[in-house]
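Colleague: Supplied in structure tokens, the structure appears directly below.
The values are calculated or read from the model by the stated rules, or taken from the named source; none is laboratory data. From a predicted model like this one, the values you see are computed outputs, not experimental measurements. To get the accessible areas, we keep the full protein, side chains included, count just its heavy atoms, and leave off ligands, DNA and RNA. Shrake-Rupley method; radii C 1.70, N 1.55, O 1.52, S 1.80 Å.
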Amino acid sequence: MTARRSPNLIWRWPALLAALSIFGLFAALIGQTGIWLPLSWGALTIPLAVAAICIVRSRS
């Protein structure tokens, strides 16, 4: 029999990646110079990298 997982355990990582994506979009809107540009690129790249890793692992 499988144990039930709480919603907190199920939605922790998707919520974190969504918050990171939203932050990256707002950082891109706030400014194109200074620290905001690298912050936006980093925040928007991490969810894509996580998705790519999950796809590669699922094909193995």
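Colleague: With every protein chain kept in place and ligands, DNA and RNA left out, what is the accessible area per residue of the chain? Probe 1.4 Å, answer in Å².
Modeller: Working: 5240 Å² over 60 residues.
Accessible surface, normalised per residue, equals 87 Å².
Colleague: Report, to the nearest whole %, how much of the accessible area of the chain belongs to carbon and sulfur atoms, 1.4 Å probe, protein only. Display every interim value, and only then the final one.
Modeller: Values: 3850 of 5240 Å².
Taking all protein chains in place, the chain shows 73 percent carbon and sulfur surface.
Colleague: Which order do you get for R57, R12, R4 if you rank them by accessible area with a 1.4 Å probe, largest at the top?
Modeller: Numbers: R57 180, R12 115, R4 230 Å².
Ranked list, largest accessible area first: R4, R57, R12.
Colleague: Counting pairwise Cα distances across the chain, what percent come out greater than 19 angstrom? Display every interim value, and only then the final one.
Modeller: Values: 839 of 1770 pairs.
Summing the P(r) tail past 19 Å for the chain gives 47 percent.
Colleague: By how many degrees, between 0 and 90 and to the nearest 10, does the Cα long axis of helix 36-59 differ from the longest principal axis of the chain?
Modeller: 30 degrees
Colleague: For helix 7-30, report the angle its Cα long axis makes with the longest principal axis of the Cα atoms of the chain; keep it between 0 and 90° and round to the nearest 10°.
Modeller: 10 degrees
Colleague: Moving on. When the helix-only estimate is applied to the chain (DSSP H runs of n ≥ 4, each -39,500 (n - 2.57), divided by the residue count), what is the mean residue ellipticity at 222 nm, nearest 500 deg cm²/dmol?
Modeller: Details: 2 runs with 48 residues, N = 60.
That comes out to -28000 deg cm²/dmol.
Colleague: Multiply the residue separation of A18 and W41 by 0.36 nm, subtract the distance between their alpha-carbon atoms, and state the gained length in nm to one decimal.
Modeller: Full extension from A18 to W41 adds 6.8 nm.
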